[in-house]
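Since the structure comes first, as structure tokens, the remarks are kept for the end.
The values are calculated or read from the model by the stated rules, or taken from the named source; none is laboratory data. Source: prediction; values computed, not measured. Positions of Cβ are generated from backbone atoms using ideal geometry, with glycine treated the same way; all protein chains shown enter the neighbour counts. Each accessible area value is taken on the protein alone, full model and side chains, heavy atoms only, with ligands, DNA and RNA left out. Shrake-Rupley method; radii C 1.70, N 1.55, O 1.52, S 1.80 Å.
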Amino acid sequence: MLLIMSTAASTSIAHFSTPASLHLSTAKNKKAALLLNSIPTSKITSPPSISKVQYGYGYSKKSSILTGFKPFSSPVMEWQDCTVKMEIDVPVGVAYKLYSDRESIPRWMPFISSVQVLKDKPDLSRWSLKYKALGQELEYSWLARNMQPTPNQKIHWRSLEGLPNRGSVRFFPRGSSSCQVELTVSYEVPQILTPLAAALQPLLESLLRGGLEKFATLAKTFAD
């Protein structure tokens, strides 16, 4: 409907923008034509009719300002952070090496069902999440890029597509035989859902802490 209205408006502008001499060139009364043609005319110019406007999560179809159409704007998004820390009785090098093996992460993070590193692009990996909550099976997937790590200190990543998330794992030595592991996971939600995300924060912290406990147990087998 908007397209039809825009086309009709453009046609009307084009009609009235045509010099009067063209419309009177076929008039039977040539004297009247000459008289009218002598009256100065002004050309009506069309305003900028096409503009690209944001709509939802991307861009809408082209819309004309003649239609007065005002699309909805994108929702305001906010990042929610969740951080857990744990002392682990293994050298920092052992903990860092084990956590660097992304495809092994499902061994200690049970809600991560799989991680597959792309063979042709080893800095990229495909992640799948499965978790049962409130009687429903939740399932998400995303493509992540591992950012440049700092050996024995930091691993961090961010998603490129799919579920918006980012995170980091930091390693702090505590003597020669132990270290502290700090895991931070961040995810993006619409601002209107921020209260709900805050309410679910303890659940996420519990899941991450449980994962680090399993990681600590597994890391000890590598240290022995």
| remark: Measuring from its Cα centre, segment 92-224 shows a charge dipole (+1 at each Lys and Arg Cβ, -1 at each Asp and Glu Cβ) which, in debye to the nearest 20, is 260 debye
| query | Calculated FRET efficiency, residue 97 and residue 192, Cβ-Cβ r, R0 35 Å, to nearest 0.05? | reply | 0.25
| In Å², what does the accessible area per residue of segment 177-224 work out to with a 1.4 Å probe? | 53 Å²
| request: Could you provide, to the nearest whole Å², the per residue accessible area of segment 122-168 with probe 1.4 Å? | output: 64 Å²
| query | Given a Förster radius of 22 Å and the C-beta distance between residue 178 and residue 221 as r, what FRET efficiency does 1/(1 + (r/R0)^6) yield to the nearest 0.05? | reply | 0.90
| task | Quick one: plug the Kirkwood hydrodynamic radius of segment 69-179 (C-alpha pairs) into Stokes-Einstein at 37 °C, 0.692 mPa s, and report D in µm²/s. | result | 204 µm²/s
